[in-house]
1. How many angstrom lie between the C-alpha centres of the range 121-144 and the range 167-186?
2. For 222, 212, what ranking results if the residue with the fewest other Cβ atoms within 10 Å of its Cβ goes first?
3. Have a look at 91, 33, 77 and tell me which one the Gaussian network model of the chain (Cα, springs below 10 Å) gives the largest fluctuation.
4. Using the beta-carbon distance between residue 138 and residue 85 and R0 = 30 Å, what value does 1/(1 + (r/R0)^6) give for FRET efficiency, to the nearest 0.05?
5. For the range 112-188, what is the convex hull (Cα atoms) projected area averaged across all directions, in square nanometres?
6. Would you calculate the separation in nanometres between label points at residue 126 and residue 110, each defined as 7 Å from the Cα along the Cα-to-beta-carbon direction?
7. What's the ranking of 119-126, 82-89 by average number of surrounding C-beta atoms within 10 Å, highest first?
8. Could you tell me the ratio Rg/Rh of the range 53-203? Both radii from Cα atoms, Rh via Kirkwood.
Amino acid sequence: MIEEARAAGVSSLLCVGIDPESSRRSLELAESFRGVFATAGVHPHTASEFDEAAGSVVEELLASPQVLAVGETGLDFYRMLSPQEDQERAFRAHIALARESGKPLVVHVRDAWPEAMAILDHEDADGVVLHCFSGDVATAREAEARGYLLSFSGTVTYPKNDYLREAAAVVDSGCLLVETDSPYLAPQSMRGRDNRPANVVEVLRQLGKVRTEPVEELRAITSANAVHVFEGLR
């Protein structure tokens, strides 16, 4: 999979942790393969399990130079697999870990934009990456004004998601990132199959269309944005 990604021009991969075990595994992968890096965090789905022990694991992993960010964290009121109170508690704790470690924050938001943006504002969060961005134009502009990065995935290629393409079209290129969220959210042309890191090129092509900008130019810009926010990514 890594070789396939490199053949497509993807030189660096960020493997995201969603609980203590997967965060540890992500670091193991980062230590095993050149060009692979990790994050450490607890996803809002399992926020109820974010206790002192889980927080200690995340904090310990963040000491590694190959763990480039805190998260995936955030709020998900669509599935609501953890109570809202637990999600917000864990979210605030991750923001504090990001501040203490000096590393950026990878944020998952689904059907919870007002609440998530309010917490990020109240906690004065910095280095915010809105993973798999799903907001509208107004949310995108507010995020841009705050200096957040908006990471677009294969969802920007789905026919029903005009609102996402509109958001992607209006923000400054300096706040754009692209991702796959593999193995989920395969681009429209590959729906029904597991997504793969190499498919990030399809996301770039879609952004090029909606922004009427050359794909190679967007590739250079989003790569530079990623290197800037995820220090150590090469």
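Values quoted throughout were computed directly from the atomic coordinates according to the rules given, and no laboratory measurement underlies them. Note that the coordinates shown come from a computational prediction; the quantities given were computed from them, not determined experimentally. Because the Cβ atoms are built from the backbone with ideal geometry, glycine has one as well, and the counts that use them run over all protein chains shown.
1. That distance is 12 Å.
2. Working: 222 23, 212 7.
Result, fewest neighbours first: 212, 222.
3. 33
4. Values: r = 27 Å, r/R0 = 0.90.
With a Förster radius of 30 Å, E is 0.65.
5. Working: hull surface 20.2 nm².
Seen from a random direction, the Cα hull of the range 112-188 projects 5.0 nm² on average.
6. 3.1 nm
7. Numbers: 119-126: 15.4, 82-89: 17.1.
Result, highest mean first: 82-89, 119-126.
8. Details: Rg = 15.4 Å, Rh = 16.0 Å.
Taking Rh as the inverse mean 1/r over Cα pairs, Rg/Rh reads 0.96.
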